[in-house]
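*Asks:* Encoded as structure tokens, here's the structure I'll be asking about.
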Amino acid sequence: MVDIATRVHNHKWKIDPIVRSLIDTDFYKLLMCQSVFRKRRDTTVTFSLINRSNAIRLADLVDEGELREQLDHIRSLSLSRGESTWMRGNMFYGKRSMFTSEFMDWFETLRLPPYHLEKRDGQYELTFEGNWPEVMLWEIPALAVLMELRSRAVLHHLKKFELQVLYARAMTKLWEKVEHLRPIEGLRIADFGTRRRHSFLWQDWCVQAMSERLGNRFVGTSNCLIAKNRDLEAIGTNAHELPMVYAALAEDDAGLARAPYEVLSDWHEEHDGNLRIILPDTYGTRGFLDNAPDWLAGWTGIRIDSGAPEEGAETAIKWWTSRGEDPRQKMVIFSDGLDVERIIALHQRFSGRVRCSFGWGTLLTNDFRGLTPDDALAPFSLVCKAVAANGRPTVKLSDNPRKAMGPDQEIARYRRVFGVGAQEEFDVVV
């Protein structure tokens, strides 16, 4: 077991780089990357860092030179032989050769493209522009770097024993959470915490703790490198990025209305089983389901990632029932802002009505709340999103209007096209 406090205290980043592999990323990113590589590889996309918690002034906390060193290090990474073998030969979701030879030949020669970094008003403006399959792979490592550099900045002045006590408290806090989850019959829970983790070493420790204590209730991790190293299932399907870019490329309002379903039509051609999970909230869950083609009702499940999760699950159950499907055979994956109390409450409400599953993110891998003065290590909401495609702005509406993004005029247009009415607002914590 790694002594994290000692590693932090004796830190030399070239020994412990924040991102140490191109597969130190979420599994859904690689699945989406292959889909984009096949269907839309020549699309030019711009990704940009967005700090929703602007009270956290990252440019005042994180040294620009350190940030550039870490980003430049990521640009030097390439797929190792062992990583390539894992991707080519491993079984994912019960299927071998998930990644095609054509995609792997391309991925094995990939180096991530250049970045653009500026400081403005206490924040970093970090952008990536280029062919979609290349720049999309910057999202997760960029977030991981900023989150961990912020953690290092806060911990920099602590001495070795202070660090040991801090991590002992954090470990105890996590272990107590896991103990609360352990008695739940039929629990299915995975680590979704890569993008806003405290650090790589801490995420790895959290995954090991979950795996040891929960046994088969812990179904895997979204982090490909940890899944490979710990012989765990790599978990993930697709994300908002796909419909956002497809929608931006639409030529008119009719094409815009079709775009979210075109994404899933392309996905349907490639994947089956538990990879057929609908993410319906990009432009409002109710409207998406009301207008969905019948073939989507046959998919395995739905992931709920914004708004009130109880309402989202009830909406899905009613939709499946209206389409002649048995909700008890369907999966609902909850993945937005989860912590133990919410996981337990949702499982109690929906177990037996659907197949419940949970993707536990930031409050698994970065819950240091209350452990430092001024709560300086509390997690915050940092994202890296596709903001333009072929020069056109992207838009996300979400089931929570506080997560909406895009130019105001385009947001209004999308709300009209997708029939999104009044929405309840929810705090965005992580």
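The values are calculated or read from the model by the stated rules, or taken from the named source; none is laboratory data. Here the structure is a predicted model, which is why all the values come from computation and not from measurement. Here the Cβ positions follow ideal geometry from the backbone for every residue, glycine too, while neighbour counts run over all protein chains shown. The area values use the complete protein model at the heavy-atom level, side chains included, leaving out ligands, DNA and RNA. Shrake-Rupley method; radii C 1.70, N 1.55, O 1.52, S 1.80 Å.
*Asks:* Need the C-alpha centroid separation for the stretch 365-430 versus the stretch 315-359, integer Å.
*Replies:* 23
*Asks:* Regarding the chain, what are the three Cα extents along the principal axes, ordered largest first, in Å?
*Replies:* In descending order, the Cα extents are 60, 49, 45 Å.
*Asks:* Just tell me which lysines come within less than 24 Å, Cα to Cα, of K159; anything on the same chain fewer than 8 places away is out.
*Replies:* Qualifying lysines at Cα under 24 Å: K12, K14, K173.
*Asks:* Would you work out if the stretch 62-115 is rounded, prolate or oblate? Take a ≥ b ≥ c from the square roots of the eigenvalues of the alpha-carbon gyration tensor; rounded if a/c is under 1.5, else prolate when a/b is larger than b/c, oblate otherwise.
*Replies:* Prolate.
*Asks:* Let me ask something else. Whole angstrom only: what separates the Cα centroid of the stretch 196-220 from the Cα centroid of the stretch 36-87?
*Replies:* Each part reduced to its Cα centre gives a spacing of 23 Å.
*Asks:* Amide H neighbours of T394 under 5 Å, counting only residues 5+ apart in sequence or on other chains, H built in-plane at 1.01 Å?
*Replies:* So T394 has HN proximity to A388, A389.
*Asks:* Give the carbon-plus-sulfur fraction of the accessible surface of the chain in %, rounded to a whole number; probe 1.4 Å, heavy atoms of protein chains only. Can you show the working numbers first?
*Replies:* Values: 8230 of 17840 Å².
On the chain, the fraction of accessible area on carbon and sulfur atoms equals 46 percent.
*Asks:* Further question on the same structure: Mind checking the per residue accessible area of the stretch 246-322 for me, 1.4 Å probe, whole number of Å²? Please list the in-between numbers first.
*Replies:* Working: 2800 Å² over 77 residues.
Spelled out: the 1.4 Å probe surface of the stretch 246-322, per residue, equals 36 Å².
*Asks:* If you plug each phi of the stretch 269-279 into the Karplus form 6.51 cos²θ - 1.76 cosθ + 1.60 with θ = phi - 60°, what whole-Hz ³J(HN,Hα) values come out, in order, with x for Gly and Pro?
*Replies:* 5, 9, 10, 9, x, 6, 8, 8, 10, 7, 10
*Asks:* Quick one: which residues, 5 or more positions from I50 or on another chain, have an amide H under 5 Å from its amide H? H modelled 1.01 Å from N in the peptide plane, none for Pro or chain starts.
*Replies:* V383, C384, K385
*Asks:* Give K95/K318; K39/K95; K29/K228; K39/K318; K95/K177 a once-over and call out the pairs whose C-alpha atoms are over 25 Å from each other.
*Replies:* K95/K318; K39/K318; K95/K177
*Asks:* Now, a different point. Under 5 Å between amide H atoms, partner at least 5 residues away or on a different chain: which partners does G301 have, H built in plane at 1.01 Å?
*Replies:* Counting only residues 5 or more places away or on other chains, the set is I278, M331.
*Asks:* Say R0 is 22 Å: what FRET efficiency, to the nearest 0.05, do D72 and T6 get from their beta-carbon distance?
*Replies:* 0.25
*Asks:* Taking a quarter of the surface of the convex hull around the Cα atoms of the stretch 59-215, what do you get in nm²?
*Replies:* Working: hull surface 49.7 nm².
That works out to 12.4 nm², a quarter of the Cα hull's surface.
*Asks:* What is the calculated FRET efficiency for D253 to R38, with r their C-beta to C-beta distance and R₀ = 30 Å, to the nearest 0.05?
*Replies:* 0.65
*Asks:* Further question on the same structure: Ordered by residue, what ³J(HN,Hα) values in Hz, to whole numbers, does the stretch 220-236 give under the Karplus form 6.51 cos²θ - 1.76 cosθ + 1.60, where θ = phi - 60° and Gly and Pro are x?
*Replies:* Those phi angles translate into x, 9, 6, 7, 5, 5, 5, 4, 5, 5, 9, 6, 10, 6, 7, 10, x Hz.
*Asks:* Taking only protein heavy atoms and a 1.4 Å probe, what accessible area per residue, in Å², does the stretch 325-374 have with all protein chains in place?
*Replies:* With the other protein chains kept in place, the stretch 325-374 gives 41 Å² per residue.
*Asks:* Might you tell me the accessible area per residue for the stretch 70-188, computed with a 1.4 Å probe and given in Å²?
*Replies:* 48
*Asks:* With a 1.4 Å probe and all protein chains kept in place, how much accessible area does V387 have, in Å² rounded to the nearest 10?
*Replies:* In the full protein context, V387 sits at about 50 Å².
*Asks:* I'd like to know which of G298, T194, L112 lies farthest towards the positive end of the charge dipole of the chain, counting +1 on Cβ of Lys and Arg and -1 on Cβ of Asp and Glu.
*Replies:* T194
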